[in-house]
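Worksheet: one structure, shown below.
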Amino acid sequence: MRYVLRTSYRQDTRLFKEGLPQYGWYLVWLALALVAPLFLGVHLVSQLTFILIFAIAGIGYQILLGYTGLLSLGQAAFLAIGAYACVFLEKQGLHFALALPAAALLTGVVGAVLGLPALRLKGLYLAMATMAIGFIVEEVAARWTFVTGGNSGASVPRIEAFGYVLSRDVPFYFLCLALCIASLWFAANILRSPTGRAMAAVRDSDIAAQSIGVEVAQVKTKAFALSAFFTGIAGALMAHKLSFISPEQFTLHLSIELLLMILIGGIGSLRGVVFGAAFLVAMPELIAEIERMLPGGSQPALRPMAFGLLLVLVMLFEPRGINGLVEKITGYFRLMPLYRKGMFARQRGFAKSERW
Amino acid sequence: MVQFLQQVISGVSIGCVYALIALGFVLIYKATETVNFAIGELMMIGAFLGFTFIVIWSLPLWLAAIIAISATALLAAMLERVFLRPMVGEPAFAILVVTIGLGFCLRAAALMVPEWSSETVRIFTPLSGSVVRLGPIVISADHAAVIVATALIVTGFFVFFKRTRMGLAMQAVSQSQLAATYMGVRTRSVSTLAWLLAGAITAVAGLLLAPIAFIHVNMGVLGLKAIPAAIIGGFSSLPGAIVGGILLGVCESLAGFYLPAGFSEVAAYILVLVVLTIRPEGLFGETIHKRV
Amino acid sequence: MKPSICTLAFASALLAGAGTAMAQTRGVTDTEILLGSSVDLTGPVASIGVPMKAGFEIAAEMINEAGGIHGRKVRVLVEDNGYDTRRAILAVQKLINSDEAFGIIGLLGSAITQVALPITTEQGVPMLFPAAPTHVVYDPPQELSFGLVTGYDLQMEAATSYAHDELGLRKFCMMYQDDESGEQSLAGVERKLGELGLSLVEKTSYKRGATDYSAQFARMKAADCDAVMLGTIVRETAGAALEREKIGWDVPLFAPQGAVSNAVIALGGAAVEGLYAFTPSLPISLVLDDEKIAAAVERYKQQSGQDRNPDDYFLVSLAGMLLFAEGARNAGPDLTVESFVAGMEQVKDFDVGKGWGRMTFTAERRLGSTKNFAMQVKDGAWAMIKEID
């Protein structure tokens, strides 16, 4: 739901809908990301790396939730599968450069298979089924000791290439940056392809989509596979960043954190994913700052309170998240003299009684 | 055989707690089509309130229970009025996310109370420590109390829905909100009432759980088990919620005893996946096809 | 476009690599030694982390008032991690790279320690006395990692030998939490039983946060064992004792360190009477007659404005700081990582206060003491019944 001023029909399918100025802005951001390690300490570079990893996971979630309208509460399962598969393959002697795509593809296949029951399910039932899958995968990770190392966890091998350790802070940041940009580019292109448009059609109304000839089942399967693919990449990267994996890292709480990330960043937008990821990483630091200012020192309630209130307030007042805010502000300046009150007012779709 | 029955009985008693929470869950869903992920946290608040009145203020047990149950019910109704009323008409998933957020807020609120936060506490009842023997089967009095209380509450609900005006109105709303409005049912007060009742039931569940499984800030995760229970029972069926909850409890208990480690933890979720794949509308659900 | 990204990437990577080589020892100036720590100040175990932080600060004060270490004052910078591994990694990286801490002391939690250890090892920073009952810290011995607290495996080994030798029990069952801590307890029990030529009659697990242990106890009762080993923490220990009482089974229970807490007694009531637990250090209430500890606790009460004793982990902070000071003193005025390691290896039969074993470190021995105390609940309070070396 971007406020694009259209001047031709081609514009709708272009990669950047607003043409040149948009390229310019993205190039500025890219340049900043490239030189950031020169100015920032290792600690901040680590934070940036986490943002990039979460952004990749967020792309996967956005495809599923934001573009196809399928609510999953089991994204942590895909992260876990990607992480464990990649680490297992590396321990079998495969190089990271091969293990990563293999793990991502494997996660994609698993995603497609797990998506099968989803073809019959909608809304809450789907959320519950995916949540169940999340719990089951967590349990399998704890029990299948041969592959996963069980509850004691497993250490993650270093990535080396050409005699150079890639899994150290700064090189790993660049690795994640490259993968994040590639993923964004890949996802953006999928979303303007017929597949992506079919996804949007299914999201808006699957019955209508079916009646214009969209294979709903196929589209949903593709969405699950793609989502799992991206999330798998993120899982593998996260394993290397944490350098230690155990089942308790992949709980329902992580899935809900990812959901929060998508909602705060802005649902239905790839840009929103990056905002959301930045927010998710910055929030704990912000809360720690606030805590330092409080008289009592520590306040354990602050974190869940901020988490919960944000979810509620965003849904109540700004359902399009940070991205929506940004678009409103830029839209306001772009349309400066022509701006009317209520231009960006939300429409309420009283599509009541969608019994699941 | 004795072993088997022993496991079944112990599964039934924990299943009754699931069933009560699931009942609250389904009540809200039927009246307002809201999927309430904060239900476990409501139960936690109810249990802590009970603890405060019984242990800290040392009120008599019955009085403390009544105050705790009413306070939780009012809290639930307030949540509905403040946070969920404005969400009417938003997509169902947005409402679900709001309830997830409310769950976090409730947990944070509990963390802010010094006597509650980061402490695990327990309510000792006069029954604690004594056991009931049915032939060779042993069951603790606290567990037996859970089963009896659940039976009483379920009977009460049955009467409420079949015999009272408000109960009939709630049934009508759950069938068709629009038609109910035309027939003069005040749908808004019905949805507040649903939350009120659900709050009361979950508080009862929390109080029943307190002597057998401790009270702590994260006990709300038990509420997550109520959702599979509700789904197994068919999501919009009140008897289904009860059966689903008890079935779940028994399955977990038997899986814990007879199957290798790990199965009992995921038994609920495997059961849900099986039910959803074979019979997505649940054991007691009615199929509703969307008209184009 | 593409080649320029690559060159930039390599250039900055090289630059960053060059930046880490440094002339002076990290965290040591002429007047100060900076240590870093990360504990949970805001999360689920903040009730342990907050007194631990106070423990570091009070110990540093006491060391500095006594003249410091070769004229240098000690300062400890404590970062919050909310008991979250991701934030712990960031915190440890910040402490090493931005704050330039000499060592990382007293990390709270096994999972946290396990994710931090590869970082400290790679950066060449000493990992000092984490409050984590895990063998990863000291077994296999690593150059830069020093342990204070025995792992759950050693604690449960002690429990098994106590049950076997002192109580003459032979049929062992075990219920453990299915995570890292529980599995370590299990490993300890199985190892000791193996040495004794026995094996577990029944083992069963529960998921963290579980509230109902009836199936597990029914299984163990069906196996008819005469000792139940527990791989549990606080709440679950009390839950297990209640379940045992409920089914009317008179079997002794043996738990690791986490059980030695007043919360277990408050929750379990009469059901925990007779419960055994095994811990590397005595609870604070039993060691207040030690002068140094009493003085530190007094300061804690003054500074926090509370009249309650701090959590027992306060003692882990104190003991860790005392050990560090001893090692750094042995290292001499020229404090580097190498001289510190050499200094630590000279620590022999060092007394960190009442309620701990005597600490000795060598090149092969990275755990100060393998001593455990056998504790039992008697008349509603923990009492020490035996010292096990």
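A few comments on the model shown:
- Residues satisfying the stated conditions in segment A:308-324, i.e. facing chain B (nearest Cβ under 8 Å), crowded, with 21+ Cβ neighbours inside 10 Å and touching a residue at least 24 places away in the same chain (Cβ under 8 Å): A:Leu311, A:Met315
- Hits in segment C:350-389 (condition: hydroxyl-bearing (Ser, Thr, Tyr) and in contact with a helix residue (DSSP H, G or I) (Cβ under 7 Å, 6 or more places away or on another chain)): C:Thr370
- Hits in segment C:163-189 - residues which are crowded, with 18+ Cβ neighbours inside 10 Å and either closer than 13 Å to C:Val228 by Cα or outside the structural domain of C:Glu236 (by TED's automatic domain parsing) (or both): C:Ala163, C:His164, C:Leu169, C:Phe172, C:Cys173, C:Met174, C:Met175, C:Tyr176, C:Ser185, C:Leu186, C:Val189
- Qualifying residue in segment C:304-319 (condition: β-branched (Val, Ile, Thr), within 23 Å of C:Thr279 (Cα to Cα) and either buried (at least 17 other Cβ atoms within 10 Å of the Cβ) or at pLDDT below 90 (or both)): yes
- For segment B:133-162, the set of residues classified as assigned to a strand (DSSP E or B) and more than 11 Å from chain C (Cβ to nearest Cβ) consists of B:Leu134 only.
- Complete set of residues in segment C:27-62 that are in contact (Cβ under 8 Å) with a residue 60 or more places away in the chain and hydroxyl-bearing (Ser, Thr, Tyr): C:Ser37, C:Ser38, C:Ser47
- Sole residue being more than 30 Å from C:Leu90 (Cα to Cα), within 14 Å of chain B (Cβ to nearest Cβ) and either acidic (Asp, Glu) or under 21 Å from the mean Cα position of the chain (by Cα) (or both), chosen from A:Ala129, A:Ala188, A:Ala198: A:Ala129
- Criterion applied to A:Ala154, A:Ala132 was being touching a helix residue (DSSP H, G or I) at 6+ places or on another chain (Cβ under 9 Å) and within 22 Å of C:Leu117 (Cα to Cα), and the one residue passing it is A:Ala154.
- Of all residues in segment A:225-279 being within 13 Å of the chain's Cα centre (by Cα) and of a type in the set (Phe, Trp, Tyr), the one that is farthest from the other protein chains (Cβ to nearest Cβ): A:Phe229
- Of all residues in segment B:241-269 being within 7 Å of another protein chain (Cβ to nearest Cβ) and among the hydrophobic types (A, V, I, L, M, F, W, C), the one that is farthest from B:Gln175 (Cα to Cα): B:Ala261
- Verdict on B:Leu238 being more than 9 Å from chain C (Cβ to nearest Cβ) and either of a type in the set (Val, Ile, Thr) or under 28 Å from B:Arg107 (Cβ atoms) (or both): yes
- Qualifying residues in segment C:313-350 (those that are in a helix (DSSP H, G or I) and of a type in the set (Phe, Trp, Tyr)) - the one farthest from C:Lys73 (Cα to Cα): C:Tyr313
- Of all residue pairs spaced 6 or more apart or on separate chains, those with beta-carbon atoms under 6 Å, a first member in segment A:201-216 that is outside any helix (DSSP H, G or I) and a second member that is aliphatic (A, V, I, L, M) and at pLDDT 85 or above are A:Val214/A:Ala198; A:Val214/A:Ala201.
- Check on A:Ile207, within 14 Å of chain C (Cβ to nearest Cβ), more than 17 Å from the chain's Cα centre (by Cα) and among the hydrophobic types (A, V, I, L, M, F, W, C): no
- Qualifying residues in segment C:193-226 (those that are surrounded by fewer than 23 Cβ atoms within 10 Å (Cβ to Cβ) and part of a strand (DSSP E or B)) - the one farthest from the other protein chains (Cβ to nearest Cβ): C:Glu202
- Leading residue by the ranking (modelled with the lowest pLDDT) among those in segment A:304-356 that are of a type in the set (Phe, Trp, Tyr) and within 18 Å of A:Ile267 (Cβ to Cβ): A:Phe344
- All conditions in (1) surrounded by 23 or more Cβ atoms within 10 Å (Cβ to Cβ); (2) within 22 Å of A:Lys222 (Cβ to Cβ) hold for A:Leu116, with the sole exception of (1).
- Count - residues of segment B:69-117 that are among the polar types (S, T, N, Q), more than 7 Å from chain A (Cβ to nearest Cβ) and either within 13 Å of A:Leu316 (Cα to Cα) or outside any helix (DSSP H, G or I) (or both): 1
- Every residue from segment A:60-94 that is modelled with pLDDT of 90 or more and in contact with an Asp or Glu (Cβ under 9 Å, 6 or more places away or on another chain): A:Ala76, A:Ala77, A:Ala80
- Criterion: outside any helix (DSSP H, G or I), buried (at least 20 other Cβ atoms within 10 Å of the Cβ) and out of contact with any Lys or Arg (no Cβ under 8 Å at 6 or more places or on another chain) - qualifying residue of A:Leu94, A:Leu73: A:Leu73
- When the test is whether a residue is in contact (Cβ under 8 Å) with a residue 24 or more places away in the chain, hydroxyl-bearing (Ser, Thr, Tyr) and under 24 Å from A:Gly268 (Cβ atoms), A:Thr195 passes it.
- C:Lys221 being touching a residue at least 24 places away in the same chain (Cβ under 8 Å) and in contact with a Gly (Cβ under 6 Å, 6 or more places away or on another chain): no
- Residue identified as under 30 Å from C:Gly168 (Cα atoms) and within 14 Å of another protein chain (Cβ to nearest Cβ) among C:Val264, C:Val260: C:Val264
- Selection within segment C:145-168 - more than 17 Å from the chain's Cα centre (by Cα) and assigned to a loop (DSSP other than H, G, I, E, B): C:Leu167, C:Gly168
The values are calculated or read from the model by the stated rules, or taken from the named source; none is laboratory data. Since this is a predicted model, take the numbers as computed values, not measurements. Every residue, glycine among them, receives a Cβ derived from its backbone with ideal geometry; neighbour counts consider all protein chains shown.
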